[in-house]
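No lab work stands behind these numbers, since they all come straight from the coordinates. What you are looking at is a predicted structure, and each value in this text was computed from that prediction instead of being measured. Here the Cβ positions follow ideal geometry from the backbone for every residue, glycine too, while neighbour counts run over all protein chains shown.
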Amino acid sequence: MTLTYSVVLSSVLLAARCHAQQFPAKFKFGAASAAYQVEGGWNADGKGESIWDRLVHTNKDAIEDGSTGDIAADSYHLWREDVEMASEMGLDFYRFSISWPRILPSGLSNNISSAGVAYYNNLIDELLLHGIQPVVTMYHWDLPVKLQDLGGWTNPLISDWFESYAAVLYSLYADRVKTWLTINEPIVICDFSYNGGVYAPGIKEPELAPYLCNKHLMIAHAKAYRLYQRDYKHKYDGRISLANNVLWIEPFEVPRDIELAELGLEHMVGRYAHPIFSKEGGWPKRIEKHMLEYSLKQGYNSSRLPAFTEEEKKLIQGSADFFGFNYYTARQIRPAREGEHGTWFIDGSPELDAMLEVPPGATFGATELIAIVPRGLREMLVYLKNTYGDIEYLITENGYPGWKDMEDHARIDFIRDHLEQLHIAIEEDNVTVSGYTYWSLLDNFEWLGGYGIRFGIYDVDFDDPKRTRTPRLSAKYYACVIDGNSYNVSLECSNSPTTAFSRIPTNGDSVRNCVSILVWMFTVALRFI
Ligand code: NOJ
């Protein structure tokens, strides 16, 4: 009898564990890409020039391997294959971006390219045909050059240009696209670009440009949001947010750096989240105060961070239906020592007079910029929930920077470890997370890193004019994750040395494993009763 009880007890515990490793029933899995990084066809069929086209064509040192996105993964022609890949993995959604100058070659709405319109119509229709929801980013860094020549994100008129662009997109695609992300990673567009001057538009103007851009971008996002609420929400009931880039920041030394870490999070995450998601609206109060003091100290007679009017605050506040964010990495923050100056590209912040250090235990893939710290994802979710409340969070990107490696166990570990932390955040910290997006569906042009850094779950052969796509082992792992709605898949699923998709799971491997062990245990128990 004692044996029977132990077997029954173990079965119950195992059943609980099996259940515990499952994501909520409505949880969605996706993968992402962005127009400039995958499409190619940089001047095909009347597409206008973007700031990335201009950067790579005019500055041969801009990109590490001297490459361009002129052809990239050639998704402009091979989009059907991309959809097939997404479908064979069983993705619930595919996040891609629309190239502004492909739709509006000059950036303005007086000239709409029919070829551009058709391209995204085809892609959206094909996805839907395969049961995959399109999640559309309106702006993933490829600004039409004409608008850049007029000042780009530093010109306040950009919010009107962006609103007109959004109006065109809604009128074309809102009947089928139910999830929109207005802007991808504002911190890169404003802070990294203008501070470092290395991302397009390649202009180094760290004094005012990042902060002007910050303000105008928030207004542009909000105008696009309000437009949808006014004209489309009642018809199509879609949802809109933006994809914030969140860097998890923790103190280097406790308790000394606790307050600095809070300020760091408000500076790097809050400037793009607080105006939308906080109860009081506007910039984070401490940042506003800090920036004013810092600017006065620097000899300015007002803050470098421009104030919002009350009307602007209201426009922006609440302009999102969920909180979308990309999580890649974490840092520890400490005060700068004498002679040290943070250069902004995640090694420090001159405004905060602080330096950022890699947390102990972090590992790396193909770039030192991304210190891999899976627990940072959970910490970030808890921080966001504590700061902005129990709202819906969607992981819009998370990805492993690897090499051209097909047996990519490191990527499998990366995905599993992050999903595990995500799962803990959902189950133990009660954070509401509706989905996870792996970056990227396929290898692509990794901005300054060119083709040297591979994020794809599918390998792309960039030496082959056909840009042949081949699933990596992680594609199989991810398919099993989706199939079983759990990060804990069978060994066969994650370790098989065979080519991915030699056997696509049909019915939840992880669940099946749990169930078969349970059945076996109950059979044993019955024998002893
Ligand atoms: C986030 C960006 O959105 C994406 O474009 C980029 O490729 C990944 N980070 C990896 O660096």
For Leu442, what residues show an amide H to amide H distance below 5 Å, using hydrogens built from the backbone and excluding near sequence neighbours?
Ile457, Tyr458
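Going down the table (Lys223/Lys285; Lys204/Lys313; Lys223/Lys314; Lys47/Lys233; Lys28/Lys223), which pairs top 18 Å between alpha carbons?
Values: Lys223/Lys285 23 Å; Lys204/Lys313 28 Å; Lys223/Lys314 11 Å; Lys47/Lys233 30 Å; Lys28/Lys223 28 Å.
Check vs 18 Å cut-off fails for Lys223/Lys285; Lys204/Lys313; Lys47/Lys233; Lys28/Lys223.
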By the gyration tensor of its Cα atoms, with a ≥ b ≥ c the square roots of the eigenvalues, what is the shape of the stretch 22-456: rounded for a/c under 1.5, prolate for a/b over b/c, or oblate?
rounded
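Calculate the FRET efficiency for Asp237 and Glu64 from the Cβ-Cβ distance with a Förster distance of 41 Å, rounded to the nearest 0.05. Mind dumping the intermediate values first?
Details: r = 44 Å, r/R0 = 1.07.
Taking R0 as 41 Å, the efficiency between Asp237 and Glu64 is 0.40.
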What is the magnitude of the charge dipole of the stretch 64-177 about its Cα centre, with +1 placed on the Cβ of each Lys and Arg, -1 on the Cβ of each Asp and Glu, and no other charges, expressed in debye to the nearest 20?
420
With a Förster radius of 30 Å, plug the Cβ-Cβ distance of Arg176 and Ile391 into 1/(1 + (r/R0)^6) and report the FRET value to the nearest 0.05.
0.70
Rounded to the nearest Å, the spacing of the alpha-carbon centers of the stretch 448-486 and the stretch 206-228 is 34
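Placing unit charges on C-beta atoms (Lys and Arg positive, Asp and Glu negative, everything else neutral), compute the dipole magnitude of the chain about its Cα centre in debye, rounded to 20. Mind dumping the intermediate values first?
On the way: 48 positive and 69 negative charges, 261 e Å.
It comes to approximately 1260 debye.
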Long-range amide H partners of Thr363 with built H, under 5 Å:
Ile372
Residues of the stretch 425-468 with the amide nitrogen closer than 15 Å to a label point 7 Å from the Cα of His77, along Cα-to-Cβ, please.
461-468
What do the square roots of 5 times the Cα gyration tensor eigenvalues come to for the stretch 151-291, in whole Å, largest first, as semi-axes of the equivalent ellipsoid?
30, 19, 13
Descending packing, highest mean Cβ count within 10 Å first, for 219-227, 23-31, 414-422 is 219-227, 414-422, 23-31
For the stretch 182-190, in residue order, the Karplus 3J(HN,Hα) values (coefficients 6.51, -1.76, 1.60; θ = phi - 60°; whole Hz; Gly and Pro = x) are 5, 9, 9, 6, x, 5, 6, 4, 8
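What does the highest-first list of 191-197, 33-39 look like by mean Cβ count within 10 Å? Spell out each step's value before the answer.
Working: 191-197: 21.1, 33-39: 27.4.
In descending order of packing, they fall as 33-39, 191-197.
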Centroid-to-centroid separation of the stretch 400-419 and the stretch 351-384 [C-alpha atoms, Å]
17
Between Glu293 and Ile112, what is the label-to-label distance in nm when each label sits 7 Å out along the Cα-to-Cβ direction?
5.1
Full-stretch length increase - Lys404, Ser302 - with 0.36 nm per residue and alpha-carbon distance subtracted
31.7 nm
Run the numbers for Leu369 and Glu310: contour at 0.36 nm per residue of separation, minus the present Cα-Cα distance, in nm.
17.5 nm
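Rounded to the nearest 500, what is the 222 nm mean residue ellipticity of the chain from helices alone, with -39500 (n - 2.57) per DSSP H run of 4+ residues and division by all residues?
Values: 20 runs with 223 residues, N = 529.
Taken over the chain, the calculation gives -13000 deg cm²/dmol.
List the GluC sites (Glu not before Pro) within the stretch 44-118 that fall in a DSSP loop (any state other than H, G, I, E or B) and whose Cβ has at most 15 other Cβ atoms within 10 Å. Mind dumping the intermediate values first?
Values: sites: Glu49, Glu64, Glu81, Glu84, Glu88; in loops: Glu49, Glu64.
Within the stretch 44-118, the qualifying GluC sites (Glu not before Pro) (loop, at most 15 other Cβ atoms within 10 Å) are Glu64.
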Spatial separation of Cα centroids for the stretch 162-194 and the stretch 303-346, in angstrom
19
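Filter the trypsin sites (Lys or Arg not before Pro) in the stretch 48-117 to those in DSSP coil with at most 10 other Cβ atoms within 10 Å of their Cβ, and list the result.
Qualifying residues, ordered by number: Lys60.
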